[in-house]
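Notes for the one structure printed next.
The values are calculated or read from the model by the stated rules, or taken from the named source; none is laboratory data. None of these values were measured; they are calculated from a predicted model. Neighbour counts are summed over all protein chains in view; Cβ atoms, including those assigned to glycine, are modelled from backbone coordinates with ideal geometry.
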Amino acid sequence: MDIDKLKEALELHAAYLDDHTTGVKADLRGAAMSDATGQHLLPQRYDGYQFFLVQKYDETWFIRAGCRAFTIPEYREHVKTYSDETKARETTRILDFAQSILDDKK
């Protein structure tokens, strides 16, 4: 996926997240992740979001899901905004799994 297509996909996905009628859920298969040095495939949430645990060149780890990219603590804060309790519980379990991977690396 070239940078222009990626930019368009993320803009459409941002509109989707804001419930705009023009929004489209992003399909980021094939997206460039040039800043990643390590990556773990995490579970896919029930609504289709695929989660990844990604390490950047500066050795920081973050969660990438859809167009979101947060550290685990930042993502936990984001989950507090969910009104869907099932989504919140499932996302928390995915974050717990990601944290266990990092704990095993210590």
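Scan region 56-106 for residues that are more than 15 Å from the chain's Cα centre (by Cα) and of a type in the set (A, V, I, L, M) and jot them down. Once the filter is applied, which keeps residues that are more than 15 Å from the chain's Cα centre (by Cα) and of a type in the set (A, V, I, L, M), region 56-106 yields Ile101, Leu102. Considered as a group, the residues in region 85-106 that are surrounded by 11 or more Cβ atoms within 10 Å (Cβ to Cβ) and of a type in the set (Asp, Glu) include one that is farthest from Phe62 (Cα to Cα), and that residue is Glu90.
Filtering Thr86, Thr81 for residues that are assigned to a helix (DSSP H, G or I) and either in contact (Cβ under 8 Å) with a residue 12 or more places away in the chain or closer than 23 Å to Tyr16 by Cβ (or both) leaves a single hit, Thr86. Scanning region 2-12 for residues that are among the aliphatic types (A, V, I, L, M) and either surrounded by fewer than 14 Cβ atoms within 10 Å (Cβ to Cβ) or modelled with pLDDT of 70 or more (or both) yields Ile3, Ala9, Leu12. Filtering region 13-48 to residues that are among the small types (Gly, Ala, Ser), under 15 Å from Ala69 (Cβ atoms) and either exposed (fewer than 13 other Cβ atoms within 10 Å of the Cβ) or modelled with pLDDT of 75 or more (or both) leaves Ala32, Ser34, Gly38. Just one of the listed residues (Glu59, Glu85) is among the acidic types (Asp, Glu) and modelled with pLDDT of 95 or more, namely Glu85.
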